[in-house]
1. Among the residues of region 18-50, which ones are without any contact (Cβ under 8 Å) to a residue 12 or more places away in the chain and either closer than 13 Å to residue 64 by Cα or of a type in the set (D, E, K, R) (or both)?
2. Select from region 375-390 the residues that are within 28 Å of residue 214 (Cβ to Cβ) and of a type outside the set (Val, Ile, Thr) and write down the one among them that is surrounded by the most Cβ atoms within 10 Å (Cβ to Cβ).
3. With the requirement that a residue be surrounded by fewer than 20 Cβ atoms within 10 Å (Cβ to Cβ) and polar (S, T, N, Q), what does region 97-120 give you?
4. Of the residues 108, 97, which is within 22 Å of residue 239 (Cα to Cα) and touching a strand residue (DSSP E or B) at 6+ places or on another chain (Cβ under 9 Å)?
5. Have a look at 267, 260 and point out the one that is in a helix (DSSP H, G or I), within 16 Å of the ligand (Cβ to nearest atom) and within 18 Å of the chain's Cα centre (by Cα).
6. Any residue at all in region 303-315 that's basic (Lys, Arg) and on the phi < 0 side of the Ramachandran plot?
7. Report, by residue number, each residue of region 231-263 that is under 16 Å from residue 73 (Cβ atoms) and of a type in the set (Gly, Ala, Ser).
8. Considering only region 45-89, how many residues are at pLDDT 95 or above and either in a helix (DSSP H, G or I) or within 16 Å of the ligand (Cβ to nearest atom) (or both)?
Amino acid sequence: MSPFDPMESLASMRHEFGEHGGVNMSIETSTTFTVLDAEVMPEIFSGQRSPEQGGCYLYGRHFNPTVYVLGRELAALEGAEAGYATASGMGAVMGSVLQHCTHGDHIVASKTLYGGTFALLKEFLPKRCGIRTTFVDVGDLEEVSSAIEERTRVLYLESVANPTLTVADIPALANVAHDRGIQLVVDNTFSPLILSPILLGADVVVHSLTKFINGASDLIGGAICGRKSFITELMDLHEGCLMLLGPTMDPKRAFEVSMRIPHLGLRIKEHSRRALVFAERLSELGLDVTYPGLVDHPQHELMSRLMNREYGFGGLLCLDVHEAAKADALMETLQNRDRFGYMAVSLGYHHTLISRPAASTSSELTEEEQRAAGIPPGLIRISVGYTGSMEQRWQQLEDALRVTGLIA
Ligand SMILES: Cc1ncc(COP(=O)(O)O)c(C=O)c1O
């Protein structure tokens, strides 16, 4: 069990008060910053004078004080030296890989990834940037190792994979990557607070803040955490992916996300508590359920060893009803008859969200790639919310299973 508690780490960082002593930080909306002496301007642009060195912020697409505070909060949660927020999770994924690679370089990635990331690596990067990816089973260290080539720069994976909930052995994978001189980049969107990839050996962590961290399904955002030198490199005026491609976060959005972080711990615990109870009951009913908190999950022991226990095994569970039509009927009943949740993609919302990955967030994968990734057509992904009472929600779920003939 890890002694690290991300919420304690957050509570230990310096609090940012508002301009007039407000308990909340002020929002710095300015896109540009005033210098008093003209000679300071070139020094700011050449990187010699940061705000801490008597200079000032440079421009809103570069570091912004409000976005910077959110970055510090996320870094504290991840146990990282530094962090910065992006306009979307995909902005973070893109920056985290592209910053490490140039034309002709190579990436080794898990074959089970969020569909957008899969498409970025499989289609976009080779065609537009000449950067190839080999997809592997990251549970097979031999396969990972033998896929690494001379020009490989990055090993990319999700700590808990979307949507299969396969848990990566981050310490072992970090060893493989570092032995071969490459960077381990981990998407921790499914398990914020629960897993701390950087403390387990990863070099970079990315998040879609759109999910659990924001928690209200009302804004799109992302983040990159890692070494201070890497975050600075992302903002380099000549070669920084975030600075030049432009997916930095707006300060007003950063403020909104920052206001939801203090209750992230409470939310994650409740998502996890309910998901575990539902998973156990579905399993007792003889259904084909996947949840890392169940002892029969293939990586249950691994996750128990790696996780920050306080926060449970996460808010996502999968139910395989073995046929797409049955899955669709169940989802419709859950939403339209029983009001258990909403048929929608995304996750980490306070209400329950239900989707069929094969037809949605993994549809970028061909049928064969879905099979290889472990995504059957009848798989339903449930992001368990915390609205209503748990027993009320369980009755709704049980009713829908009965009405659709999945249980007697
Ligand atoms: C694991 C994972 N990473 C990244 C993303 C992309 O995030 P965003 O939609 O915020 O760009 C998603 C989106 O679903 C995701 O599930």
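The values are calculated or read from the model by the stated rules, or taken from the named source; none is laboratory data. Just so it is clear, the structure is predicted and the values come from calculations on it, not from any experiment. Glycine also receives a Cβ, built like all others from the backbone with ideal geometry; neighbour counts cover every protein chain displayed.
1. Residues satisfying the conditions are 19, 37, 39, 49, 50.
2. The extreme case among them is 383.
3. 102
4. Every option except 97 fails the conditions.
5. Only one candidate passes the filter, namely 260.
6. Looking for residues that are basic (Lys, Arg) and on the phi < 0 side of the Ramachandran plot, one finds at least one in region 303-315, hence yes.
7. Those that are under 16 Å from residue 73 (Cβ atoms) and of a type in the set (Gly, Ala, Ser): 254, 258.
8. 21
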